[in-house]
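First the structure, in the form of structure tokens, and then the observations on it.
The values are calculated or read from the model by the stated rules, or taken from the named source; none is laboratory data. Predicted model only: the values in this text are computed from it and were never measured. Reconstructed Cβ throughout: ideal geometry from the backbone, glycine too, with neighbour counts over all protein chains shown. For the accessible areas, the whole protein counts, side chains as well, though only heavy atoms, and no ligand, DNA or RNA atoms are used. Shrake-Rupley method; radii C 1.70, N 1.55, O 1.52, S 1.80 Å.
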Amino acid sequence: LWSSESDDGMYDAINKGLLKAKGDILAYLNCDEQYLPGTLKAVLDFFQANPCVEVLFGDVVVVNDRGEYVCSREVLLPEIKHTVISHLNTMSCAMFFRRSLIERNLMFDPAYKNIGDTEWIARLLDNNIIMAGISRFLSAFTETGVNWGMDRSFVRTEMEQLMKRYPRWWQIFGFFWTARHRWLRFRAGMYSPGNFSYSIYTKDNKNDRTKFVVDQPVFLWKSRLRLFK
């Protein structure tokens with residue numbers, strides 16, 4: 001079902017789409033993202049096997065505008081203090097959730113034009129929503145150099161707005177939440193990702209997937225170092 005109408009920004013548009021959707025499991029993709037083969041089957045199987053889980057996150061491969069590998073983003077479940085003080089470490093293109101959240105009016109806040117997903121996840125954590133991660137690459141995110149989320153001023157202004165909802169002492173001990181997050185990633189082996197391959201559609205081959213083999217995977221997303229701690 002195709003729908004085009006006026007909206008109050010990206011997250012208002014996503015809300016409109018979610019309200020129109022009929023499925024029990026919901027998700028959304030932006031124009032620089034795509035699912036990898038087998039993703040929808042894996043997600044459905046997981047939700048059926050884990051009826052208590054309401055939000056599922058997966059791994060993401062970041063590619064350039066030619067589809068070439070940039071880095072791996074393996075999933076670590078978000079924690080409220082790190083999310084609010086530093087950044088949201090999950091990516092929306094590998095996020096799936098149950099319709100029950102929308103039925104409970106847990107929608108995106110359209111007042112946040114850039115970090116609406118961060119604010120939404122923080123609100124879900126505040127509401128003790130059960131989340132889980134699946135150790136599988138579900139999606140590809142294309143770094144074009146002009147992605148909305150790469151604008152430092154937009155990100156920082158809205159992060160400061162979000163922080164005002166939480167205790168001041170969280171910010172004072174921000175270094176601790178960041179260090180803890182990095183320790184958890186290290187302990188899970190996410191700083192030493194393994195070799196893998198992925199198949200995606202590219203500008204040069206829009207009809208068939210092109211396979212890329214990654215024999216030197218890296219975790220570091222260099223272009224985002226200027227944004228996040």
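Assorted remarks:
- Among the residues of the stretch 155-185, those that are under 22 Å from E119 (Cβ atoms) and of a type in the set (K, R) comprise R156, K164, R165, R168, R180.
- Some residue of the stretch 107-114 being open to solvent by 40 Å² or more (accessible area, probe 1.4 Å) and without any contact (Cβ under 8 Å) to a residue 60 or more places away in the chain: yes
- Scanning the stretch 196-205 for residues that are open to solvent by 30 Å² or more (accessible area, probe 1.4 Å) and either more than 30 Å from Q34 (Cα to Cα) or at pLDDT 95 or above (or both) yields F196, S197, S199, Y201.
- Checking each residue in the stretch 162-195 for being assigned to a loop (DSSP other than H, G, I, E, B), in contact with an Asp or Glu (Cβ under 6 Å, 6 or more places away or on another chain) and either under 16 Å from E79 (Cα atoms) or open to solvent by 70 Å² or more (accessible area, probe 1.4 Å) (or both) picks out only N195.
- Filter result for L1 (assigned to a helix (DSSP H, G or I) and either open to solvent by 40 Å² or more (accessible area, probe 1.4 Å) or in contact with a Pro (Cβ under 6 Å, 6 or more places away or on another chain) (or both)): no
- Some residue of the stretch 20-27 being part of a loop (DSSP other than H, G, I, E, B), farther than 22 Å from G133 by Cα and open to solvent by 70 Å² or more (accessible area, probe 1.4 Å): yes
- Residues of the stretch 86-118 that are within 12 Å of the chain's Cα centre (by Cα) and more than 16 Å from I25 (Cα to Cα): H87, L88, N89, T90, M91, I115, G116, D117, T118.
- Test: residue in the stretch 134-150 that is surrounded by 13 or more Cβ atoms within 10 Å (Cβ to Cβ), at pLDDT below 95 and aliphatic (A, V, I, L, M): yes
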